[in-house]
Amino acid sequence: MNQKLIKLWDELTPYKSIIYFLFLLFFFHFSWKILIGGDIEDDYMLFMGKDITPDWFYTARVWLTQAAAWFVHLFPNTDHLIIEDTYLHFPGEIRISIVWGCTGLKQLLIFTGIMVFYRCFTLIKKPGSEKYTFKFLPFWNKLWYIPIGWIILTVYNVMRIGGIVILTNGHHERFESLHDGLFRYIYYTLIFLLWVIWEEVYVKKELKYEKYRKVAVAS
């Protein structure tokens with residue numbers, strides 16, 4: 001590998017983790033934007049223009065509608081919430097449609113991609129040489145954490161939809177700022193926090209253990 005790139009890589013050591021995370025986040029985000037369509041206002045999913053909507057998407061939308069309604073009913077004065085198939089609304093207010101994009105599939109896949117490919121390789125120096133080579137690392141130790149992230153993101157998604165229904169009651173003009181603004185930013189902040197927990201609690205603990213193990217073996 002080019003020595004200048006190696007030197008640059010070494011200089012970026014304090015920032016490698018966050019750079020790695022941001023690269024993966026934007027890579028999967030824009031890959032989704034380019035390849036997937038119909039995720040905002042439609043009931044179908046397109047992959048490069050081809051309809052690939054699975055049959056279970058409707059069931060997932062109905063479940064999410066019911067779960068969001070349950071969350072709304074946790075708050076006082078919400079008994080008059082109207083549930084119509086995959087729509088939620090209060091009498092006289094805008095109907096909020098739970099389209100397939102509301103399932104949070106995009107965020108789940110982005111989180112999964114980040115976890116699978118984060119620290120999936122390292123650079124090692126070849127024995128007796130100044131050259132470096134890539135060494136791919138297993139991701140099996142992440143498999144227990146990914147489902148935990150799915151659960152947390154799904155719970156947040158239910159709260160997000162329920163929160164939008166509650167906060168737009170009597171204030172329909174808030175919908176865009178809540179749906180496309182505040183709650184979306186929180187979604188990606190949550191993905192970031194899940195990554196931070198993985199990095200700070202598990203990865204650094206493993207690296208510290210590995211360092212002590214090598215010292216013990218060498219002594």
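The values are calculated or read from the model by the stated rules, or taken from the named source; none is laboratory data. Keep in mind that this is a model prediction, so the values were computed, not measured. When we count neighbours, we look across all protein chains shown, and the Cβ atoms used for this are built from the backbone with ideal geometry, even at glycine. Heavy atoms of the whole protein, side chains included, go into the accessibility calculation; ligands, DNA and RNA do not. Shrake-Rupley method; radii C 1.70, N 1.55, O 1.52, S 1.80 Å.
Structure notes:
- Selection count, the stretch 32-59, where residues are open to solvent by 30 Å² or more (accessible area, probe 1.4 Å) and among the hydrophobic types (A, V, I, L, M, F, W, C): 8
- The stretch 61-82, residues that are under 23 Å from Glu173 (Cβ atoms) and either open to solvent by 60 Å² or more (accessible area, probe 1.4 Å) or of a type in the set (A, V, I, L, M, F, W, C) (or both): Ala68, Ala69, Phe71, Val72, Phe75, Asn77, His80, Leu81, Ile82
- Qualifying residue in the stretch 19-36 (condition: at pLDDT below 85 and within 25 Å of His179 (Cβ to Cβ)): yes
- Pair list, Cβ < 8 Å and 6+ apart or interchain, from the stretch 170-199 residues that are of a type in the set (Lys, Arg) to residues that are open to solvent by 30 Å² or more (accessible area, probe 1.4 Å): Arg174/Leu167
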